[in-house]
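Participant: Below is the structure I would like to discuss, written out as structure tokens.
The values are calculated or read from the model by the stated rules, or taken from the named source; none is laboratory data. Values in this document were obtained by computation on a predicted structure and should not be read as measured data. Quick reminder, even Gly has a Cβ in these numbers, built from the backbone with ideal geometry, and neighbours come from all protein chains shown.
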Amino acid sequence: MDLQGDDLTEAVVTSFDGSASERYRTVMATLVRHLHAFAREVELTEDEYFIAIDFLTRTGQISTGTRQEFVLLADVLGLSMLTVGLGNRKPPEATQSTVFGPFFVEGSPEAQLGDDIANGAPGQPCLVSGKVLNTKGEPIANALVETWQADEDGFYDVQKDLDGPQNRAHLTTDAEGNYAFWAVKPVAYPIPDDGPVGELLRAGGRGPMRPAHIHFMVTAPGYARLITHVFDEGDPYLDSDAVFGVKQSLIAGFTEHDAGTKAPDGKTPDQPYYTVSYDLVLATTEETQQ
Ligand code: BEZ
Ligand code: FE
């Protein structure tokens with residue numbers, strides 16, 4: 001009764017003493033302490049409190065299976081990348097992880113090595129290839145490579161009203177660990193900013209752009225799952241990614257080729273095209289500290 005200040009905080013903390021697990025108790029107690037400390041530090045007004053509640057309510061209301069506004073919120077606040085860093089401590093030889101984002105879809109089409117997965121998406125063709133390796137540099141055969149990316153207009157297929165998937169597929173590496181597919185050259189694009197997260201960015205004088213990238217999720221038995229991107233080294237937004245996901249080691253060169261020249265896979269596109277090559281190096285589960 002009559003609780004205020006530190007006594008109020010401690011009463012809320014101890015109200016979790018009967019938690020079903022010790023981990024739950026620790027997480028909730030720590031959350032409450034930090035939340036109260038935050039409100040105290042900024043001397044949160046009641047008006048600001050109601051604005052925040054309204055913001056969170058609208059964030060929930062706009063969310064659907066394909067419009068994940070809470071994921072976006074975590075991303076623009078750097079919480080996603082913080083968690084990525086905490087959950088993926090691995091040897092320096094392994095490919096670094098980055099943000100998952102809201103545009104992955106379970107059950108993408110299966111592709112064979114060298115297939116065109118653009119499926120009619122607007123953009124310049126781009127041959128994406130490389131190897132899946134372990135940290136000793138040895139190839140990993142039969143690794144599952146899932147990939148997804150935006151088109152030349154900066155949209156993922158799930159943001160458009162389409163009949164089938166575009167720029168999205170899964171394939172398995174061959175005996176030498178190779179993967180390869182044709183998609184389109186990725187471009188920089190804005191994260192969805194027509195909702196509460198967009199308001200937050202504008203109020204903070206921030207932009208919504210992400211530098212051009214291709215998403216990968218790679219799995220193989222005995223190895224930690226790798227969720228990452230390959231970024232275009234020529235992109236002007238590499239230093240101002242709206243979700244703080246860029247790592248130097250994930251930047252690769254996209255090389256432009258003239259129409260009618262032979263690509264590394266033997267095809268001769270009749271329009272200008274790009275190639276990018278990037279090896280994806282997996283750490284074993286033992287090499288990865290969760
Ligand atoms: C993405 O790269 O797909 C993405 C990541 C975070 C927020 C929005 C989009
Ligand atoms: Fe993306």
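Participant: Just checking, how many residues over segment 96-131 are in contact with a Phe, Trp or Tyr (Cβ under 9 Å, 6 or more places away or on another chain), among the small types (Gly, Ala, Ser) and closer than 20 Å to GLY177 by Cα?
Facilitator: Qualifying residue count for the region: 4.
Participant: For a quick check of your reading of the model, give me the residue pairs whose first member lies in segment 267-290 and is without any contact (Cβ under 8 Å) to a residue 60 or more places away in the chain, whose second is surrounded by fewer than 19 Cβ atoms within 10 Å (Cβ to Cβ), with beta-carbon atoms closer than 6 Å and at least 6 apart or on different chains.
Facilitator: From segment 267-290, the pairs are THR268/LYS262; ASP270/ALA259.
Participant: Please identify the pairs in which a residue from segment 203-228 that is acidic (Asp, Glu) has its Cβ atom under 7 Å from the Cβ atom of a residue that is within 11 Å of ligand 2 (Cβ to nearest atom) and not in a loop (DSSP other than H, G, I, E, B), counting only partners at least 6 apart or on another chain.
Facilitator: Filtered contacts from segment 203-228: no entries.
Participant: Filter segment 158-188 down to the residues that are at pLDDT below 95 and either within 12 Å of ligand 1 (Cβ to nearest atom) or within 18 Å of SER277 (Cα to Cα) (or both) and list them by number.
Facilitator: Answer for segment 158-188, where residues must be at pLDDT below 95 and either within 12 Å of ligand 1 (Cβ to nearest atom) or within 18 Å of SER277 (Cα to Cα) (or both): VAL158, GLN159.
Participant: Got a sec? Which of VAL105, VAL99 is aliphatic (A, V, I, L, M), surrounded by fewer than 17 Cβ atoms within 10 Å (Cβ to Cβ) and within 15 Å of ligand 1 (Cβ to nearest atom)?
Facilitator: On the way: VAL99 fails: surrounded by fewer than 17 Cβ atoms within 10 Å (Cβ to Cβ).
Going through VAL105, VAL99 in turn, the sole match is VAL105.
Participant: I need the full set of residues from segment 201-226 which are under 24 Å from GLU146 (Cα atoms) and more than 11 Å from ligand 1 (Cβ to nearest atom), in order please.
Facilitator: Answer for segment 201-226, where residues must be under 24 Å from GLU146 (Cα atoms) and more than 11 Å from ligand 1 (Cβ to nearest atom): PHE216, MET217, VAL218, THR219, ALA220, PRO221, GLY222, TYR223, ALA224, ARG225, LEU226.
For every residue, the table says whether it meets (1) modelled with pLDDT under 95; (2) within 16 Å of ligand 2 (Cβ to nearest atom); (3) not hydrophobic (A, V, I, L, M, F, W, C).
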{"position": "GLY78", "(1), (2), (3)": "no, no, yes"}
{"position": "GLY85", "(1), (2), (3)": "yes, no, yes"}
{"position": "GLY107", "(1), (2), (3)": "yes, no, yes"}
{"position": "ALA111", "(1), (2), (3)": "no, no, no"}
{"position": "GLN124", "(1), (2), (3)": "no, no, yes"}
{"position": "PRO139", "(1), (2), (3)": "no, no, yes"}
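Participant: Taking VAL158 as meeting all but one of (1) surrounded by fewer than 16 Cβ atoms within 10 Å (Cβ to Cβ); (2) touching a residue at least 40 places away in the same chain (Cβ under 8 Å), write down the number of the exception.
Facilitator: That leaves (1) as the condition not met.
Participant: Name, by its number, the condition in (1) under 15 Å from the mean Cα position of the chain (by Cα); (2) not in a helix (DSSP H, G or I) that does not hold for CYS126.
Facilitator: Every condition holds for CYS126 apart from (1).
Participant: When segment 255-290 is examined, which residues are found to be in contact with a Lys or Arg (Cβ under 6 Å, 6 or more places away or on another chain) and closer than 28 Å to MET217 by Cβ? Don't jump to the end; show me each part of the working.
Facilitator: Taking segment 255-290 as the starting set, the residues that turn out to be in contact with a Lys or Arg (Cβ under 6 Å, 6 or more places away or on another chain) are 268, 274, 279, 283, 287-289.
Residues satisfying the conditions are TYR274, ASP279, ALA283, GLU287, THR288, GLN289.
Participant: In the set ALA143, ALA150, which member is under 22 Å from the mean Cα position of the chain (by Cα), closer than 17 Å to PRO221 by Cβ, small (Gly, Ala, Ser) and buried (at least 18 other Cβ atoms within 10 Å of the Cβ)?
Facilitator: The match here is ALA143.
Participant: Among the residues of segment 51-64, is any in a strand (DSSP E or B) and away from ligand 2 (no atom under 16 Å from the Cβ)?
Facilitator: Taking every residue of segment 51-64 in turn, none turns out to be in a strand (DSSP E or B) and away from ligand 2 (no atom under 16 Å from the Cβ).
Participant: Let me ask something else. Which residue pairs have Cβ atoms under 6 Å apart, sit 6 or more places apart or on different chains, and have a first residue in segment 27-44 that is touching a residue at least 24 places away in the same chain (Cβ under 8 Å) and surrounded by 12 or more Cβ atoms within 10 Å (Cβ to Cβ) and a second that is in a helix (DSSP H, G or I) and not charged (D, E, K, R)?
Facilitator: Pairs that qualify, where the first residue is touching a residue at least 24 places away in the same chain (Cβ under 8 Å) and surrounded by 12 or more Cβ atoms within 10 Å (Cβ to Cβ) and the partner is in a helix (DSSP H, G or I) and not charged (D, E, K, R), are HIS36/THR9.
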